[in-house]
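The values are calculated or read from the model by the stated rules, or taken from the named source; none is laboratory data. Here the structure is a predicted model, which means the values were calculated and not measured. When we count neighbours, we look across all protein chains shown, and the Cβ atoms used for this are built from the backbone with ideal geometry, even at glycine. We work out accessible area using only protein heavy atoms, side chains counted, and drop any ligands, DNA or RNA first. Shrake-Rupley method; radii C 1.70, N 1.55, O 1.52, S 1.80 Å.
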Amino acid sequence: MKTIPTSQLKPGMFVQKVVKQTGSIRIKNQGWVKTQSGIDKLIKSGILEVEIDPDKMLASEEPETQTTLPTQHEVKKRDPWLITHSAEQEMSKAKKLYDEAKNLQTKAFGDIESGRTVDVAPFKELASGFIDSVFRNQDALACITQMRQKDAYLLEHSINVSILMSIFAKHLNIEKPIIEELATGALLHDMGKIKIPDAILNKPGRYSDEEFKVMQNHARFSKEILEDAGLTGIAVDIAGMHHERLDGKGYPFGKKGDEISQYVRMASIVDVYDALTAERVYKTGMEPIKAFKILKQGCPDSFDGVLLNKFIQCIGIHPVGTLVKLSSQKVGLVTQSNPATPLKPVVKTFFNAKHGRYTEVQDIDLSSKRTQDTLESAVKPKEYNIDLEGFYKHSIFS
């Protein structure tokens, strides 16, 4: 970090915080100043000195007409549901990104075990790829997050949190450079778990008090690993503080209230949601609606209720990839969300629950006036002995 007079600011610099000022302006978020007009506004506001991060210098490509204060600027509103590619077009790209993420995670865990520093550059590049895919069509990656392997939780959890954080941040109209930091931090947020003994990390039952104290250290270890790798700011905060809670009863630092940033509050919601809905060797994943209820019960003591409601709105009551049964007894996957009517998504049906047999694959838009079908409930593959993995392979990715 480096402290400089505001007069020395240049377009593309990343402002970490205000160091000295004559007024009382408050910077709500860290951010880049992208034009000279934005710098002039900072100076006119009475800001004399700022702390910058020299490692986050951007090339100045933004037009002078854009408002670029990292303090009070208004983000240009965009339609968070805008789709530029169909789910079918995006699915192969999304699957490739997901497989790449698994390979990166595996290599990083190996590096940590061998005492080597994690190379974060590929993770930043991957996070950027996730974000681009989410902006093209979020449903593709959202669907893949539901395709869980029971023995791959440690790998898949961080990847899923990164994808869901990208979707969440897009819906909050957060700027892309910040979303990249959020996605990178989420990808790396559980790296510290590799330093936890396997007997504790993979224990299926409740932890003893002593075991829980050991497990709590993983967030601190994650923070240290990212700092050693040269990361700072938002990504490190997510890694070190995603288990902090608003009432101060979280860990490992006991942060509370305003000490916990919006970004960390987002990460804590997404982290718990994915953990609750995950398939594990020793437990079945919880249905999303039940996970939402548990998160709701944690408001306002543990979680930010306003952010939680926005998270539910953006991924849906029945998220893409959820297996559901319709009133006609057809069973299928939610393949496309419907923001106007969340309980009426597009469902790809392939099984008849009444007759217990597979049927011809059919896409049903529950919001269409042509169908009388309604969404009845979410279901689990084992209820009907459905080979969901085979269906994913032959129908979703075809």
Inset, instruction - Kindly indicate the residue of segment 306-315 that is touching a helix residue (DSSP H, G or I) at 6+ places or on another chain (Cβ under 8 Å) and open to solvent by 10 Å² or more (accessible area, probe 1.4 Å) and also farthest from A353 (Cα to Cα) among those meeting that condition. - result: L307
Inset, instruction - Filter segment 48-66 down to the residues that are modelled with pLDDT of 75 or more and farther than 12 Å from Q8 by Cα, then identify the one that is surrounded by the fewest Cβ atoms within 10 Å (Cβ to Cβ). - result: P54
Inset, instruction - Looking only at segment 367-382, count how many residues are assigned to a loop (DSSP other than H, G, I, E, B), at pLDDT 90 or above and open to solvent by less than 70 Å² (accessible area, probe 1.4 Å). - result: 5
Legend entry - Check on K290, in contact (Cβ under 8 Å) with a residue 24 or more places away in the chain and of a type in the set (K, R): no
Inset, instruction - Return a yes/no flag: does segment 290-300 have any residue that is part of a loop (DSSP other than H, G, I, E, B), in contact with a Lys or Arg (Cβ under 6 Å, 6 or more places away or on another chain) and among the small types (G, A, S). - result: no
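Here is a yes/no grid of residues against (1) farther than 30 Å from S114 by Cβ; (2) in contact (Cβ under 8 Å) with a residue 40 or more places away in the chain:
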{"residue": "N137", "(1), (2)": "yes, yes"}
{"residue": "L141", "(1), (2)": "yes, yes"}
{"residue": "V161", "(1), (2)": "no, yes"}
{"residue": "L172", "(1), (2)": "yes, yes"}
{"residue": "E175", "(1), (2)": "yes, yes"}
{"residue": "A183", "(1), (2)": "no, yes"}
{"residue": "M191", "(1), (2)": "no, yes"}
{"residue": "E211", "(1), (2)": "no, no"}
{"residue": "T232", "(1), (2)": "no, yes"}
Legend entry - Which numbered condition D132 fails, given (1) within 23 Å of G250 (Cβ to Cβ); (2) open to solvent by 10 Å² or more (accessible area, probe 1.4 Å); (3) modelled with pLDDT of 95 or more: (1)
Legend entry - Enumeration of residues in segment 142-151 that are open to solvent by less than 10 Å² (accessible area, probe 1.4 Å) and either touching an Asp or Glu at 6+ places or on another chain (Cβ under 8 Å) or assigned to a loop (DSSP other than H, G, I, E, B) (or both): T145
Legend entry - helices (runs of 4 or more DSSP H) contained in segment 153-223 and holding at least 1 residues buried (at least 24 other Cβ atoms within 10 Å of the Cβ) and of a type in the set (S, T, N, Q): 153-171, 176-188
Inset, instruction - Answer yes or no as to whether E100 is part of a helix (DSSP H, G or I), over 23 Å from F311 (Cα atoms), modelled with pLDDT under 90 and open to solvent by 50 Å² or more (accessible area, probe 1.4 Å). - result: no
